[in-house]
Amino acid sequence: MVHLVLYQPEIPQNAGNIARTAAALGFPLHLVRPLGFRLAHPGLKRAGLDYWPYVDLRVHDTWEAFLEALPPGARVLAFSARGEKGLYEARFQEGDYLLFGPETRGLPQEVLARFPSLHIPMPGPVRSLNLAVAVGVAAYEAYRQLREAPQGRR
């Protein structure tokens, strides 16, 4: 299992779409406050459709609370347009935490400095993807790698 983590997400529809992806893959979704919306926001609920009962949603009141909740030795991979390594160079492992920043500003430098960082290749003129799309691309690459791993590594 891989964990999806949204650091201070701002747009409820993105978070709802990501929740739907998390439900589809069976990955827990962590939201780190402050959020740019209420958890009861209609856009959040609508984007997640009727899949909310299948979402393993974990809300952390602060960044520090999220860090304290990490199991010992947990690997956090931070996603940024300025990431050190490309997504397809990464080798995902069970238990990884895929960390994504807020839509308008990305992850702060102090967070990026703390963890290995990845970027999604952008061969065209666009500098970044919508957050929900970026999480979907990364989550499904992790799923693909772990699904295809030899039995002993699953």
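The values are calculated or read from the model by the stated rules, or taken from the named source; none is laboratory data. Every value quoted in this text rests on a predicted model; they were computed, and no experiment measured them. Cβ sites come from the backbone with ideal geometry, for glycine too, and all protein chains shown count toward neighbours. The area values use the complete protein model at the heavy-atom level, side chains included, leaving out ligands, DNA and RNA. Shrake-Rupley method; radii C 1.70, N 1.55, O 1.52, S 1.80 Å.
Here the 3J(HN,Hα) profile of the range 120-129, calculated from phi with Karplus coefficients 6.51, -1.76 and 1.60 at θ = phi - 60°, is 8, x, 10, x, x, x, 7, 8, 7, 9 Hz, Gly and Pro shown as x.
Ligands, DNA and RNA are left out, and with a 1.4 angstrom probe the accessible area of the chain is 53 Å² per residue.
I need to check one value: relative contact order of the range 30-154, counting alpha carbon pairs closer than 8 Å and at least 6 residues apart, in percent. Relative contact order, the range 30-154: 24 percent. Computed over the chain, the per-residue total of -39500 (n - 2.57) for DSSP H runs of n ≥ 4 gives a 222 nm mean residue ellipticity of -9500 deg cm²/dmol, rounded to 500. Computed from the C-beta positions of Y54 and R147 and an R0 of 22 Å, the FRET efficiency is 0.75 to the nearest 0.05. Taking the inverse of the mean reciprocal distance over all distinct Cα pairs, the Kirkwood hydrodynamic radius of the chain comes to 15.7 Å.
Share of carbon and sulfur in the accessible area of the range 4-154 stands at 52%, probe radius 1.4 Å.
When you filter the GluC sites (Glu not before Pro) in the range 50-127 for DSSP loop state and at most 16 other Cβ atoms inside 10 Å of their Cβ, you are left with E84, E94.
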